[in-house]
Amino acid sequence: MSYKKIDLSVIIPCYNESASITKLISRIKSNLPNKFSFEIIFVNNGSTDESTSLFHQFRLEENHCFKFLDIEENIGYGNGIIYGMNSAMGDVIAWTHADLQTDPVDIFEAYEVFINHPNFPTCILKGKRINRNLFDTFFTRCMSIISSILLKKRLSDINAQPKMFHRSFLGNLPNPPKDFSLDLYLLYQTRLNNLKVIEFPVSFEKRLYGKSKGGGTLTGKFRLIVRTFRYILKLRKDVGI
């Protein structure tokens, strides 16, 4: 795929995040970097709320840094990111969430940390969530330990955002899952290919708007456990563990 030279592509999948979108875009617009070129790719991931009309309004504004893509059906979180990656033109590709639990501007600071690493093309950067309550911290640590044991690779804070890597690493993602397992898959492939993981601390806040799609509630945590271990079993089978 040929692409115009851009330093950084940031993919933000949005599913029923209409209450967050305006503040999210405003926050990014107020903190646009001028040290490097970038694009922000918003993916309307089959939303059924007011997200579609909001994306249409922002699409009418002239801002060459922003792309707005639409998927008619919500197949999954991972599918939205994959769709965004297929149009990404940056040398470095990243993704983060739209829920404002982490500051979207973190990704610009993370990029500078990433490219200043002497071997950044052979590294992956991931968020490391701080300021979390004890229960969530304990839950995440337990999930990380069990996942590491089952996959025989060291994994930590799997779902923390952002994720960031050089576009050359796309060749190591031959069969990415289309659901929330994408974060786990990325980190597993990172360890499998012996790449260094850079952890970037991000403050993790309570969700202000909308409903959590991940493990923000007890029910969500139960669903997270089920889908994570279901995918781990599939991955173990695929790689012959």
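Take the residue pairs LYS152/LYS206; LYS67/LYS221; LYS153/LYS206; LYS23/LYS196; LYS67/LYS178 and return only those whose Cα atoms are more than 27 Å apart. Intermediate values should be presented prior to the final figure.
Numbers: LYS152/LYS206 32 Å; LYS67/LYS221 32 Å; LYS153/LYS206 30 Å; LYS23/LYS196 34 Å; LYS67/LYS178 21 Å.
Where the Cα-Cα span goes over 27 Å, the pairs concerned are LYS152/LYS206; LYS67/LYS221; LYS153/LYS206; LYS23/LYS196.
In straight Cα distance, which aspartates and glutamates are under 12 Å from LYS128, not counting same-chain residues fewer than 8 positions off?
Correct list for LYS128: ASP106, ASP157, GLU199.
Whose amide H sits under 5 Å from the amide H of PHE200, counting only residues 5 or more places off or on another chain, with H placed in the peptide plane?
Those qualifying (amide H under 5 Å, at least 5 residues apart or on another chain) are LYS126, GLY127, LYS128.
Gaussian network model of the chain, Cα springs within a sub-10 Å range: biggest mean-square fluctuation belongs to which of LYS153, LYS35, LYS178?
Greatest mean-square fluctuation among the candidates belongs to LYS35.
In debye, nearest 20, what is the charge dipole magnitude of segment 102-211 about its Cα centre with +1 on Lys and Arg Cβ and -1 on Asp and Glu Cβ, if you could check?
Details: 16 positive and 10 negative charges, 84 e Å.
Computed charge dipole of segment 102-211: roughly 400 debye.
If neighbour count is taken as other Cβ atoms inside 10 Å, put HIS166, HIS64, HIS56 in order from fewest to most. Display every interim value, and only then the final one.
Working: HIS166 18, HIS64 6, HIS56 12.
Listing HIS166, HIS64, HIS56 from fewest to most nearby Cβ atoms yields HIS64, HIS56, HIS166.
For LEU155, which sequence-distant residues (separation of 5 or more, or a different chain) have an amide H within less than 5 Å of its own amide H, given hydrogens modelled in the peptide plane?
For LEU155, whose amide H was placed from the backbone, the distant partners under 5 Å are SER148.
I want the antiparallel fraction of DSSP beta bridges within segment 6-239, as a percent rounded to 5. Intermediate results must be reported in sequence, preceding the final value.
On the way: 7 of 33 bridges.
Percentage antiparallel, nearest 5: 20.
Can you return the aspartates and glutamates within cross-link range of LYS5? Criterion is Cα-Cα under 17 Å, with same-chain partners fewer than 8 residues away left out.
Once the sequence-local aspartates and glutamates are set aside, what remains near LYS5 is GLU39, ASP91.
Taking the Cα centre of the chain as the origin and placing charges on Cβ (Lys, Arg +1; Asp, Glu -1), which of ILE124, LEU69, VAL105 is farthest toward the positive end of the dipole?
The residue sitting most towards the positive pole is ILE124.
Can you give me the long-range amide H partners of ILE6? Hydrogens built in the peptide plane at 1.01 Å from N, cutoff under 5 Å, separation of 5 or more residues or another chain.
Here ASP91 satisfy the definition.
For segment 38-104, calculate the relative contact order in percent as a whole number, restricting contacts to Cα pairs under 8 Å that are 6 or more residues apart. Could the numbers behind the result be given before it?
Numbers: 65 pairs, mean separation 25.6, N = 67.
Contact order relative to length: 38 percent.
Check cross-link reach from LYS237 to the aspartates and glutamates: straight Cα distance under 12 Å, and skip same-chain residues fewer than eight apart.
By straight Cα distance, LYS237 reaches no aspartates and glutamates at all.
HN-Hα J couplings of segment 153-163 from phi, Karplus 6.51/-1.76/1.60, θ = phi - 60°, integer Hz, Gly and Pro as x?
Karplus-based 3J(HN,Hα) across segment 153-163 equals 9, 6, 10, 8, 6, 4, 8, 5, 10, x, 10 Hz.
Taken together, the values in this text are just the output of simple stated rules run on the coordinates, not laboratory data. If you're wondering where the values come from, they're calculated on a predicted model, not measured in any experiment. Heads up, the Cβs are rebuilt from the backbone with ideal geometry, glycines too, and the neighbour counts pull from every protein chain shown.
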